[in-house]
Amino acid sequence: MNHDLEKIPKHVAIIMDGNGRWAKKRMMPRVFGHRKGVETLKEIVIRANELGIKILTVYAFSTENWSRPEDEVNFLLNLPKDFFDSFLPQLNKNNVKVDYIGDANRLPEETQAIMQEGLAQTSKNTGMILNIALNYGSRQEITQAVQLIATKVAQGELMPNAIDEELIDAHLMTHFLGEYSAPDLMIRTSGELRLSNFLLWQLAYSEFYFTDILWPDFKPEQFDEAIIEYSKRKRRFGKV
Ligand code: IPE
Ligand code: IPE
Ligand code: MG
């Protein structure tokens, strides 16, 4: 792939979907697909970093995923441990820094500890940010932002007419990403054509790329295809 850096998206967001169907096709339990999905994530992290992408946000567990069978939920919430146990040296070797968005407080304590440890162990890295959306839901994020802003207004710290887009942005979980908080490109695998409560505000002007490939089958070559497709898009932002 030709590296035309102008055309490389700064922030890519991925809805990693299709693990369960991938496993079913092989007569295996759904969690088998989730385990394979972690291996795919590792490959995509390496490739995204090679391409010079600055932020890779991945949807790992949604606020709606609590409605799955308890065994599957537990399995999913244990995956961060597998991920860091097997991949931390590579993250550091590639200068990748980990961060996350989502409501961490509701996660099992072990998962919270693992995430904190993963953040701490990569905090000095200056390359790509791998931003993991864990127990993340965009409606919850926006609700929380509205509560924070309303509290400031009620306490007389903020005038309602001072509420603008920038201020709302500043109260969202992606705020720490600064000028790159909005993804340039959103990829969803597995053929589903919906957002499933992912980054509703931030994706307002992003390019969307959908593929039928199931997440465990999504390879760096397919990621490159998405980036090439993105590079051909004309982003107009409402202009002519
Ligand atoms: C994506 O795969 C992983 C998570 C949602 C955590 P799925 O588990 O949704 O797989 P399908 O969509 O059922 O195939
Ligand atoms: C979205 O996938 C959430 C993640 C990939 C973590 P789902 O499989 O949960 O979404 P729906 O249920 O098909 O909308
Ligand atoms: Mg799914």
Debye-sum result for the stretch 175-218 in log10 I(q)/I(0), which assumes one identical scatterer on each alpha carbon, at q = 0.20, 0.27 Å⁻¹: -0.68, -0.98
J(HN,Hα) series, the stretch 61-68, from Karplus relation 6.51 cos²θ - 1.76 cosθ + 1.60, nearest Hz, glycine and proline x: 7, 9, 4, 7, 5, 4, 6, 7
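Any chance you could tell me what percent of the C-alpha pair distances in the chain go past 21 Å?
Values: 16844 of 28680 pairs.
The calculated P(r) of the chain puts 59 percent of pairs beyond 21 Å.
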Choice from T111, T122, T151 with maximal GNM fluctuation in the chain (Cα, 10 Å cutoff): T151
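In debye to the nearest 20, how big a dipole does the stretch 87-166 give about its Cα centre with +1 on each Lys and Arg Cβ and -1 on each Asp and Glu Cβ?
Numbers: 6 positive and 10 negative charges, 57 e Å.
Value, rounded to 20: 280 debye.
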Equivalent ellipsoid semi-axes, the stretch 77-192, via Cα gyration tensor eigenvalues times 5, rooted, Å: 30, 16, 15
Average accessible surface area per residue within the chain, 1.4 Å rolling probe, Å²: 52 Å²
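How high is the relative contact order of the chain? Use alpha-carbon pairs under 8 Å, at least six apart in sequence, and give a whole percent.
Details: 355 pairs, mean separation 66.9, N = 240.
Once normalised by length, the contact order is 28 percent.
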Members of K42/K81; K24/K97; K7/K93; K54/K219; K24/K81; K97/K232 lying beyond 22 Å, as alpha-carbon distances in this model show: K24/K97; K7/K93; K24/K81; K97/K232
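How high is the FRET efficiency from S196 to V153, r the C-beta distance, R0 41 Å, rounded to 0.05? Write out the running numbers ahead of the final one.
Values: r = 31 Å, r/R0 = 0.76.
Working from the Cβ atoms, E equals 0.85.
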Orientation-averaged projected area, Cα convex hull of the stretch 186-240 (nm²): 4.4 nm²
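Provide Rg over Rh for the stretch 50-114; use the alpha carbon set for both Rg and the Kirkwood Rh (inverse mean inverse pair distance). Write down the numbers at each step before the final one.
Numbers: Rg = 13.4 Å, Rh = 13.5 Å.
Ratio of gyration radius to Kirkwood radius: 1.00.
The values are calculated or read from the model by the stated rules, or taken from the named source; none is laboratory data. None of the values given here were measured: they were computed from a predicted structure. Please note: Cβ atoms are built from the backbone with ideal geometry, for glycine as well, and neighbour counts cover all protein chains shown. These accessible areas exclude ligands, DNA and RNA; they are computed on the full protein's heavy atoms, side chains included. Shrake-Rupley method; radii C 1.70, N 1.55, O 1.52, S 1.80 Å.
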